[in-house]
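Single-structure report; data block below.
What follows is calculated from the coordinates using simple rules that are stated; it is not laboratory data. Keep in mind it's a predicted model, so treat the numbers as computed, not measured. Counting neighbours? That spans all protein chains shown, and the Cβs are built from the backbone with ideal geometry, glycine included.
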Amino acid sequence: VVYTQSEILQREVYLFERLDSPNREPMKHLKAICFLRPTKENVELLVQELRRPKYSVYFIYFSNVISKSDVKALAEADEQEVVAEVQEFYGDYIAVNPHVFSLNLLGCCRGRSWDPAQLTRTTQGLTALLLSLKKCPMIRYQLSSEPAKRLAECVKQVITKEYELFDFRRTEVPPLLLILDRSDDAITPLLNQWTYQAMVHELLGINNNRIDLSRVPGISKDLREVVLSAENDEFYANNMYLNFAEIGTNIKNLMEDFQRRKPKEQQKLESIADMKAFVENYPQFKKMSGTVSKHVTVVGELSRLVAERNLLEVSEVEQELACQSDHSSALQSVRRLLQSPRVSELDAARLVMLYALRYERHGSSGLPGLLEELRGRGGTDRYRKLVSAVLEYGGKRARGSDLFSPKDAVAITKQFLKGLKGIENVYTQHQPLLQETLDQLIKGKLKDSQYPYLGPNILRDRPQDIIVFLIGGATYEEALAVFNLNRSNPGVRIVLGGTTIHNTRRYSPALQPL
């Protein structure tokens, strides 16, 4: 996620080792840079290492605050005086996009309360983020969520305890940390996506920027796993938020550009100048060739899955469930797709979950019938359990917000006008609840009664520097919403974080009661 191997090599780092790997050979001619989380296990491993050092000098960097007692233990172990420096370099989180971070944690809560180890890890991740961005924020949290309040209190405790570290230059308007709970919007992680990054994650899965393509029919060996990183891939950086239709056109243009630059088969390398030009252009050509084959493969596989799983039709019904309120039409649509052999089990379950969330209290709910049809398809109770888990997790009783009905006359008019515009795309009507929450926050209209401040102080001005964190995970659809809000509100900077970044597969096990 942070660095490519070739970038590290350019810095003259040639050997990569894990501290816990056995049988490492002593190499006294090398200096070692250690980058570690300050956990008990890591400190113990480092103590063992320093007692019998394998390298000449050690530069030790911890990704978060390290206790004085741990530093003392390291100093006592360093009898041979090989440690040149020990520093805190706050990077105890995963930077996903320029405005998105994750902690790669799944299943952070047990029912309605935190798993204690996950609460500690989340507090560490959030405080490291604040230290790396040099922010000492005011904190607001979602009142209807006990986990949000607990996390807010834990972050505040660290800020109070480490007040010297958080003593940054004051800004005119203090930064704001807003802590929310995924269960308030259980809909967003269940929807199929149609922008490039979100779609890749939904259909193929992005794991620390890596995409596993080993299941792609006829895949070549060097493309079994590819890396998609906006840092090192210009095409990806320019296209990650575009719709799938636009990606197809852009891939075609990329291919044509590549063909134009391709060295001619019969290119005559007659003079030294010809050869020099060829050699100079070859690395760029090779890099471009890698980019082209990677994206053509990824987009090709996305297209294959869309056709095979009938996703255009499935997605249209998902959007109808998420954005409209015609019960009989929705029920008919879901029934029709449940009977289609082209609809996968996952997509069938997803439709029933969305229906359950949307119409759980409807007078003539068709949920029992839909559950029977689900069971008939797969012959297991696994998906029935998922449907009841999603209702328990994000149903009406669990939500602090009104996820479905427009809030006031203005919102109703806005929805009506949006409907009139014909929406540029039937597959992207849905807007995550987060978009509305942040919109209210930027305008200074987010209610203190629902999102109180922790402590006596409140923000007098509209916030400009916002960090929003979702307990239970964020999504790439929300990342896109934040990207657009940053773009359309100059002077406002929003960073989005979550315990993880969801797709439906990753989200579904997280719903199952532990």
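Which of the peptides 139-150, 214-225, 68-79, 89-100 is most tightly packed, and how do the rest follow, judged by the mean count of other Cβ atoms within 10 Å per residue?
The peptides rank, most packed first, as 139-150, 89-100, 68-79, 214-225.
I need the peptides 36-45, 126-135, 456-465 ranked by packing, meaning the mean over residues of other C-beta atoms within 10 angstrom, with the highest value on top.
Going by the mean number of other Cβ atoms within 10 Å, highest first, we get 126-135, 36-45, 456-465.
Please list the radius of gyration and Dmax for the stretch 57-137, considering alpha-carbon atoms only, with Å as the unit.
Considering the stretch 57-137 through its Cα atoms, Rg and Dmax are 16.0, 50 Å.
Once the piece of chain linking residue 163 and residue 327 is laid out straight, how much longer is it, given 0.36 nm per residue of separation minus the C-alpha distance between them?
My answer for the length gained is 53.6 nm.
Could you work out the Kirkwood radius for the stretch 115-161, taking every pair of different alpha carbons, averaging 1/r and inverting it, reported in Å?
Evaluated over the stretch 115-161, this radius sits at 11.0 Å.
What are the residues whose amide H is under 5 Å from the amide H of residue 465, where those residues sit 5 or more places off or on another chain and H is modelled from the backbone?
HN-HN under 5 Å from residue 465: 176, 493.
Which residues' amide hydrogens lie under 5 Å from the amide hydrogen of residue 88, considering only partners 5 or more residues apart or on another chain, with H built in the peptide plane?
62
So what's the stretch 5-88 giving for Cα Rg divided by 2.2 N^0.38 Å, two decimals?
My calculation over the Cα atoms of the stretch 5-88 gives 1.07.
Under the classification rounded if a/c is under 1.5, otherwise prolate if a/b is larger than b/c and oblate if not, where does the stretch 221-265 fall, given a ≥ b ≥ c as square roots of the Cα gyration tensor eigenvalues?
Oblate, since a/c reaches 1.5 and b/c is not below a/b.
Averaged over all directions, how much area does the convex hull of the C-alpha atoms of the stretch 92-250 cover when projected, in nm²?
Computing the convex hull of the Cα atoms and averaging its projections yields 12.7 nm².
Rounded, prolate or oblate: which fits the stretch 58-103, taking a ≥ b ≥ c as square roots of the Cα gyration tensor eigenvalues, rounded meaning a/c under 1.5, else prolate when a/b beats b/c?
Note, shape of the stretch 58-103 comes out prolate.
Could you pull out every residue, at least 5 positions away or on a different chain, whose amide H is within less than 5 Å of the one on residue 446? Hs are placed 1.01 Å off N in the peptide plane, and Pro or chain starts have none.
Amide H neighbours of residue 446: 441.
Please compare each pair in 221/287; 134/156; 40/135; 28/68; 72/161; 31/161 to a cut-off of 23 Å on the Cα-Cα distance and tell me which ones are over it.
40/135; 28/68; 31/161
Give the separation of the Cα centroids, the stretch 210-246 to the stretch 315-353, in Å.
The stretch 210-246 and the stretch 315-353 have Cα centres separated by 29 Å.
Could you give me the ³J(HN,Hα) list for the stretch 88-103, computed from phi with Karplus coefficients 6.51, -1.76, 1.60 and θ = phi - 60°, whole Hz, x at Gly and Pro?
Those phi angles translate into 9, 10, 6, x, 8, 7, 9, 7, 8, 10, x, 10, 9, 9, 9, 10 Hz.
Please turn the phi angles of the stretch 120-125 into ³J(HN,Hα) values with the Karplus equation 6.51 cos²θ - 1.76 cosθ + 1.60 (θ = phi - 60°), one per residue in order, whole Hz, x for glycine and proline.
These are the phi-based 3J(HN,Hα) values: 4, 5, 5, 4, 4, x Hz.
Using alpha-carbon positions, what is the distance between the centroids of the stretch 44-90 and the stretch 484-498, in Å?
Centre-to-centre (Cα) distance: 39 Å.
Along Cα→Cβ, 7 Å out, is where each label goes; now give me the distance between the ones at residue 7 and residue 225 in nm to one decimal.
Computed distance between label sites residue 7 and residue 225 equals 1.8 nm.
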